[in-house]
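The values are calculated or read from the model by the stated rules, or taken from the named source; none is laboratory data. Since the model is a prediction, treat every value here as computed from it, not as a measurement. Cβ coordinates were reconstructed from backbone atoms using ideal geometry, including for glycine residues, and neighbour counts include every protein chain displayed. The area values use the complete protein model at the heavy-atom level, side chains included, leaving out ligands, DNA and RNA. Shrake-Rupley method; radii C 1.70, N 1.55, O 1.52, S 1.80 Å.
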Amino acid sequence: MENFETSAIRTQTERSQFDEHSTPLYLTSSFIFQDAEDMRASFAEEKPKNLYSRFSNPNVTEFTDKIAKMEGAEAGYAFATGMAAIYSTFAALLNAGDHIVSCQSVFGSTHTLFTKYFPKWNIETSYFKAEDAANVEQYIQPNTKILYLETPTNPAIEILDLEFLGRSLKNITLSLL
């Protein structure tokens, strides 16, 4: 049995007919189809296939597979920016009428989501100060779906004790339904 480090390093997409040592870069916007039926079945997600590099690409798949393996996760997603990852997570988990609890010191673009865009969709945010993290439970409401934290915070560079927060909130269940 190979060790963790070897396994993480050797996880690689299937080699091409050229038997390259490392995965080639797939610098393409889209991928071809054998015929119209192949294209239909691919877009209908009846068969796994790369369609368009903004959706999937062998290089991104290899990257996410390696990160998932190193983190012991089943799967993962990769984004071009941190804000794309943050927004996509919120979009996947939130609905109108939901509530977010967030540390007051967050990246400016995240703050803009909370104050400018989410209110249009009836999503509210309550903020707590980093030094008041021990009392974060008081901000949780019945409709709270996300507890959002950054550490170190941006721009204040405050450190939140994630282990402490995890222990103190372990009996809190946020419903994602």
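Rounded to the nearest 5, what is the percent of antiparallel bridges among the DSSP beta bridges in the chain? Intermediate results must be reported in sequence, preceding the final value.
Numbers: 1 of 10 bridges.
Counting only bridges with both partners in the chain, antiparallel ones make up about 10 percent.
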Charged-residue dipole, Cβ positions (Lys, Arg, Asp, Glu), segment 28-158 about Cα centre, Debye nearest 20: 320 debye
Given the chain, longest segment not containing exposed loop GluC sites (Glu not before Pro) (DSSP; at most 15 other Cβ within 10 Å): 75-177
Candidate residues MET83, MET70: accessible-area rank, largest first, probe 1.4 Å: MET70, MET83
Label of the coordinate-derived value, Rg and Dmax of the Cα atoms in Å, listed as (i) 15.4, 42; (ii) 18.8, 58; (iii) 20.9, 60: (iii)
Dipole axis of the chain (+1 Lys, Arg; -1 Asp, Glu on Cβ), positive-most option in SER102, PHE114, THR61: PHE114
Cut-off of 10 Å, at most 11 other beta carbons, DSSP loop: longest stretch of the chain lacking such trypsin sites (Lys or Arg not before Pro): 55-169
Accessible-area composition of segment 89-164, carbon plus sulfur, in percent [1.4 Å probe]: 53 percent
Principal-axis tilt of helix 82-93 within the chain, Cα atoms, nearest 10 degrees: 80 degrees
